[in-house]
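Below is one structure, written out as structure tokens, with a few remarks after it.
The values are calculated or read from the model by the stated rules, or taken from the named source; none is laboratory data. Because the structure is predicted, anything quoted here is derived from the model rather than measured. With ideal geometry, Cβ positions are generated from the backbone for all residues, glycine too; neighbour counts draw on all protein chains shown. With ligands, DNA and RNA removed, areas are computed over all heavy atoms of the protein, side chains included. Shrake-Rupley method; radii C 1.70, N 1.55, O 1.52, S 1.80 Å.
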Amino acid sequence: MNKVYQCFPGGKHKALTLSYDDGKEQDRRLIALFNQYGIKATFHLNSGLFHDPKRIQPEEIRELYKGHEVACHTVTHPTIARCPLPEVAQEVLEDRMALEKVTGYPVRGLSYPNGSLSKEIEALLPMCGIRYSRVVGSSGHFGLPENPYRWQATCHHNTRLQELGEQFVGLFKQQYLYLMYVWGHSYEFDDKNNWEVIENFCKLVGNRDDIWYCTNIEFMDAMDDFRRLNFAADNSFVHNPSAHDCWIRVNDGAPVCIPAGQTVQL
């Protein structure tokens, strides 16, 4: 029987994603830096706080965040674990609807405002059309998320970022999948006057051939696409029913692309 391993898009075994909250004006500088180094990120916005002149305004969102992901952070950023569940649902759904009007695509991600969550909220989110949600804190490792509704990043950008980035760049064992996930708030770079932290990180990890650069939802979609692959019982062929290409490695050989909607002999 063939031995099959999942790969990230392009046949890669390392993925990098980042996540920034609140949609403050410093996102402009951060996005310009990410675009320079081919890095993708997810930006979680509060649509009910657009009146704040220090936040990115609706008319700028589609063009500024192009190539990245806009996701929910609730309408007004309440501590939702203290709120009635119908209020939480309203905060999420209204944020989705407002953001979808300005982005033109389904908004399916969330980061918990103030890191506030509960088991009840976690169970509610799929019914609100949310596919994943990021918690606060750092794992310090490059493992894949076991629970997408309690998705913890590898690190905050002010915690061991360069050290962990160097470890990540040096990973080479292709029998594993590795994910580095960085989170924070762009205004923190102004507050601490330390833009060099993220600039040095981007120089280290950006524009590399062995890393898949993805948004949070692109990562989750790729995981879902692989789970939908239909393998023969002896792994001699596979059908991809999804709309996206998938990548696998067979018997330690070169990566194999399974095109969308096609069956491939292995």
*Relative to the present Cα-Cα distance, how much length would full extension add between T79 and K119 at 0.36 nm per residue of separation?*
13.0 nm
*How do M220, M127 rank by accessible surface area computed with a 1.4 Å probe, from largest to smallest?*
M127, M220
_CD proxy at 222 nm, helix term only [per DSSP H run n ≥ 4: -39500 (n - 2.57); per residue of the chain; nearest 500]_ = -9000 deg cm²/dmol
*Who wins for biggest fluctuation among T154, T17, T76 in a Gaussian network model of the chain, springs between alpha carbons below 10 Å?*
T76
*How much length, in nm to one decimal, is gained on full extension between D245 and M127, taken as 0.36 nm per residue of separation minus their Cα-Cα distance?*
39.7 nm
*Which value, to two decimals, describes the C-alpha radius of gyration of region 136-243 once divided by 2.2 N^0.38 Å?*
1.29
*GNM on the chain, C-alpha springs below 10 Å: top fluctuator among Y181, Y20, Y37?*
Y37
*How long is the gain from Q167 to Y105 if the chain were fully straight, where each residue apart is worth 0.36 nm and the alpha carbon distance is subtracted?*
18.8 nm
*Carbon and sulfur atoms: what percent of the 1.4 Å accessible area of region 1-135 do they account for?*
53 percent
*Report, in debye and to the nearest 20, how large the dipole of region 1-153 comes out about its Cα centre when Lys and Arg carry +1 and Asp and Glu carry -1 on their Cβ.*
660 debye
*In degrees between 0 and 90, to the nearest 10, how far off the longest principal axis of the chain does helix 85-103 point, with axes built from Cα atoms?*
80 degrees
*asked:* How tilted is helix 161-170 with respect to the longest principal axis of the chain? Cα atoms for both, answer in degrees (0 to 90, nearest 10).
replied: 10 degrees
_What do you get for the angle between helix 195-205 and the principal long axis of the chain? Use alpha-carbon atoms, 0 to 90 degrees, nearest ten._
10 degrees
_If you wrap a convex hull around the alpha carbons of region 16-135, what volume per residue comes out, as a whole number of Å³?_
95 Å³
*Any chance you could look up the accessible area of C257 with a 1.4 Å probe, heavy atoms only, rounded to 10 Å²?*
40 Å²
*asked:* Give the separation of the Cα centroids, region 36-56 to region 223-266, in Å.
replied: 36 Å
